[in-house]
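Scroll down for the structure; my scribbles are underneath it.
The values are calculated or read from the model by the stated rules, or taken from the named source; none is laboratory data. These numbers were taken from a predicted model, which means no experiment stands behind them. Note that each Cβ is placed from the backbone with ideal geometry, even for glycine, and that neighbours are counted across all protein chains shown. Only protein heavy atoms, including side chains, enter the accessible area calculation; ligands, DNA and RNA are left aside. Shrake-Rupley method; radii C 1.70, N 1.55, O 1.52, S 1.80 Å.
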Amino acid sequence: MGEPAQAPLAMVRRRRDAAFLSEEVVAELIRPRPFAKERLIAERARLTQEMGPLDLWEGYRDFAAPDDSFKRSSNSVRTSHKYGRFYVQLVRRFRPWTVVEIGTAFGVSGMYWLAGLAANRRGRLITFDPNRQWQEIARANLAAISPRFTAVADTFEAGFEAAKIRFGRPGIAFIDGIHVGEIVKAQAELLLPRLAGRWILVFDDIRFNPGMYRCFREIEQAEGVVSAVEIESRVGILEVEAG
């Protein structure tokens, strides 16, 4: 809340005319508009930020700089309201049965995904993060929006099979964990062979570093990808028709 109501810029690359993510649909999705639970999400995000910096997951040490404080506050890792609005509209329009989130953090992005699912009155968010302290905070935030979620206190790689995700129906996967190209590519490669029907893969921070953008463009070449979208220099989206 409080951010200017300005639509982000988007670029669409389509391989098939029948792709869901056309230039017209994307233009509609990024147009700012209010939604139910918007003020509640803003308030929950504000209160979470007031908790201050909290410890990162121990496994992150392999990727942190030597001088890293190894702590993060909510605002340093959260989805902005501008993109959160887009996620709500994407769920409303695409109507997924499942949203898989890799990287729960403090639950701010998850609240936006849940707001869309709650508005649709169908679907479930399954969100993964190994940071148990952050997960407790995230669970409270998510529960304030909707009960349509399962929060898994583990990495996606270790926990996705036990979570029994229904990959056979249309869904969305939001990949927003560790921003290292090799890790993100490996996560996408776990997802892609299991998908059936139409799925949308959303990648946050695609220009966080050169490896991240290279990874996104490589995954874009995968079999079944029918449309690719870049929103400003931040979010990359791939539409997949699988199986």
extent check for the chain: Cα max minus min per principal axis, descending, whole Å, gives 47, 38, 33
Using modelled backbone amide H atoms (1.01 Å from N, in-plane), which distant-in-sequence or interchain residues come within less than 5 Å of ILE172's amide H? THR98, VAL99, VAL100, ILE200
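How large is the charge dipole for the chain, taken about the Cα centre, if only the Cβ atoms of Lys, Arg (+1) and Asp, Glu (-1) carry charge, to the nearest 20 debye?
The dipole magnitude comes to about 1120 debye.
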How far apart, in nm, are the 7 Å Cα→Cβ label points at ALA36 and TYR60? 3.3 nm
With point charges of +1 on the Cβ of Lys and Arg and -1 on the Cβ of Asp and Glu, referenced to the Cα centre of the chain, which listed residue (PHE128, ILE200, GLN187) lies farthest in the positive direction of the dipole? ILE200
Quick one: with all protein chains in place, what share of the accessible area of the stretch 18-94 is carbon or sulfur, to the nearest percent (1.4 Å probe)? 50 percent
Of the DSSP H helices in the chain, the ones reaching 30 Å or more along their long axis in Cα terms and averaging at least 1.6 in Kyte-Doolittle hydropathy are none
With springs only between Cα atoms under 10 Å, which of SER146, SER69, SER80 fluctuates most in a Gaussian network model of the chain? SER69
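Assigning unit charges at the beta carbon (Lys, Arg +1; Asp, Glu -1) and nothing else, what dipole magnitude in debye, to the nearest 20, does the stretch 97-179 show about its Cα centre?
So the dipole magnitude of the stretch 97-179 works out to roughly 520 debye.
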Once exposed loop GluC sites (Glu not before Pro) are cut out (DSSP; at most 12 other Cβ, 10 Å), longest piece of the chain: 51-160
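If you count only protein heavy atoms with a 1.4 Å probe, what accessible area per residue comes out for the stretch 84-243, rounded to a whole Å²?
36 Å²
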Rounded to the nearest whole number, the Stokes-Einstein translational diffusion coefficient of the stretch 94-220 at 37 °C and 0.692 mPa s (Kirkwood radius, C-alpha pairs) in µm²/s is 225 µm²/s
In Å, descending, principal axis extents of the Cα set of the stretch 16-160: 47, 34, 27
Step through the residues of the stretch 157-169 one at a time and calculate ³J(HN,Hα) from phi using the Karplus curve (6.51 cos²θ - 1.76 cosθ + 1.60, θ = phi - 60°), rounding each to whole Hz and writing x for Gly and Pro. 4, 7, x, 5, 5, 5, 6, 6, 5, 8, 7, x, 10
Roughly speaking, to the nearest percent, how much of the stretch 101-183's 1.4 Å accessible area is carbon and sulfur? 49 percent
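Using 1/(1 + (r/R0)^6) with R0 = 30 angstrom and r between the beta carbons of GLU157 and ARG14, what's the FRET efficiency to the nearest 0.05?
Plugging the Cβ-Cβ distance into 1/(1 + (r/R0)^6) gives 0.45.
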Please check: in the Gaussian network model of the chain (C-alpha springs, under 10 Å), which one of GLN135, GLN221, GLN89 has the largest mean-square fluctuation. GLN221
Residue separation times 0.36 nm, minus the C-alpha to C-alpha distance between GLN221 and LEU47: what's the value? 58.5 nm
Got a number for the accessible area of LYS82? Probe 1.4 Å, square angstrom, nearest 10. 60 Å²
Restricting to DSSP H runs of at least four residues, report the calculated mean residue ellipticity at 222 nm for the chain, -39500 (n - 2.57) per run over all residues, nearest 500 deg cm²/dmol. -11000 deg cm²/dmol
Of all DSSP beta bridges having both residues in the chain, the percent classed as antiparallel (nearest 5) is 50 percent
